[in-house]
Amino acid sequence: MASGKVKGGIAGGVAAAAIVFGLVSSYEPGANIHKPYLDTLARPAVWTVCEGHTGDVDPKRTYTDAECKAFKMADIARAQAEVNRCLPMPKLPQIEGALSDATYNIGQSVVCGSTLQRKAMANDWPGACAELSRWDHAGGRVLPGLTRRRTNDREICEGKAVLDMWAKP
């Protein structure tokens, strides 16, 4: 019986990973920027490369497509791990996928120490998913691209939309 639960958890994690990869790919479809740039919309400003990778970026070097792909895969895995660390309860794959996309795009603050986390921990999933709409600001202003992405994340989280991973972005 326990092995069925483990298999179900693994299958759910794989399904969630497929959802988040599809979401990330639809909004960041491989347009690698090989030379680092300073993202001044982030607070504080942060060195960024490839499709939005931050952290261990050397502003003096140029990155390859292979390095960018490795960053993307690691960043998606890290986002999914943060979602599961801060929201350790079982989640439907579409919820985990949508929250992982938001975490990949924004950072762990969307699910760790947020109102979204509080609502999820209280088993208020409709309220938690609705919180995604609040995360559409950068540089102190609403950005239409972030509004579209958060609307998509919210609809997937709420089960109102299905990601078509084969559609053209």
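The values are calculated or read from the model by the stated rules, or taken from the named source; none is laboratory data. The structure displayed is predicted, hence computed values, not measured ones. For neighbour counting, all protein chains shown are included, and Cβ atoms are generated from backbone atoms with ideal geometry for every residue, glycine included. Note: areas computed on protein heavy atoms with side chains; ligands, DNA, RNA excluded. Shrake-Rupley method; radii C 1.70, N 1.55, O 1.52, S 1.80 Å.
Among the conditions (1) more than 30 Å from Glu158 (Cα to Cα); (2) at pLDDT below 95; (3) out of contact with any Gly (no Cβ under 9 Å at 6 or more places or on another chain); (4) open to solvent by 20 Å² or more (accessible area, probe 1.4 Å), Lys60 misses just one, which is (2). Residues that are touching a Pro at 6+ places or on another chain (Cβ under 8 Å) and in a loop (DSSP other than H, G, I, E, B) are absent from the stretch 69-87.
Yes or no, residue by residue, for (1) assigned to a loop (DSSP other than H, G, I, E, B); (2) of a type in the set (Lys, Arg); (3) under 23 Å from Cys157 (Cα atoms); (4) at pLDDT 80 or above:
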{"site": "Gly4", "(1), (2), (3), (4)": "no, no, no, no"}
{"site": "Gly12", "(1), (2), (3), (4)": "no, no, yes, no"}
{"site": "Ser26", "(1), (2), (3), (4)": "no, no, yes, no"}
{"site": "Ala31", "(1), (2), (3), (4)": "yes, no, no, no"}
{"site": "Pro36", "(1), (2), (3), (4)": "no, no, no, yes"}
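Consider the stretch 121-142 and keep the residues that are acidic (Asp, Glu) and not in a helix (DSSP H, G or I). The one that is modelled with the lowest pLDDT is Asp136. Assessment of the stretch 100-107 against the conditions (within 16 Å of the chain's Cα centre (by Cα) and open to solvent by 60 Å² or more (accessible area, probe 1.4 Å)) yields at least one matching residue. Within the stretch 139-163, residues that are crowded, with 19+ Cβ neighbours inside 10 Å have Cβ atoms under 6 Å from residues that are among the aromatic types (Phe, Trp, Tyr) in these pairs: Arg149/Tyr27; Arg150/Trp135, counting only partners at least 6 apart in sequence or on another chain. Screening the stretch 129-153 for residues that are of a type in the set (A, V, I, L, M, F, W, C) and within 15 Å of the chain's Cα centre (by Cα) and picking the one that is farthest from Gly52 (Cα to Cα) gives Cys129.
Selection of first residues in the stretch 20-40 that are within 12 Å of Ala98 (Cβ to Cβ) and of second residues that are open to solvent by 30 Å² or more (accessible area, probe 1.4 Å), restricted to Cβ pairs under 6 Å at least 6 apart or on distinct chains, gives the following pairs, ordered by first then second residue: Gly22/Leu163; Gly22/Met165; Val24/Tyr104.
Apart from one condition, Ala130 fits all of (1) touching a helix residue (DSSP H, G or I) at 6+ places or on another chain (Cβ under 8 Å); (2) open to solvent by 40 Å² or more (accessible area, probe 1.4 Å); (3) not charged (D, E, K, R); the exception is (2).
Screening Lys60 against (1) closer than 24 Å to Gly139 by Cα; (2) not in a helix (DSSP H, G or I) leaves a single unmet condition, (1). Applying the selection to the stretch 147-160, what residues are of a type outside the set (Gly, Ala, Ser) and either over 18 Å from Gly22 (Cβ atoms) or not in a helix (DSSP H, G or I) (or both)? Those that are of a type outside the set (Gly, Ala, Ser) and either over 18 Å from Gly22 (Cβ atoms) or not in a helix (DSSP H, G or I) (or both): Thr147, Glu158, Lys160.
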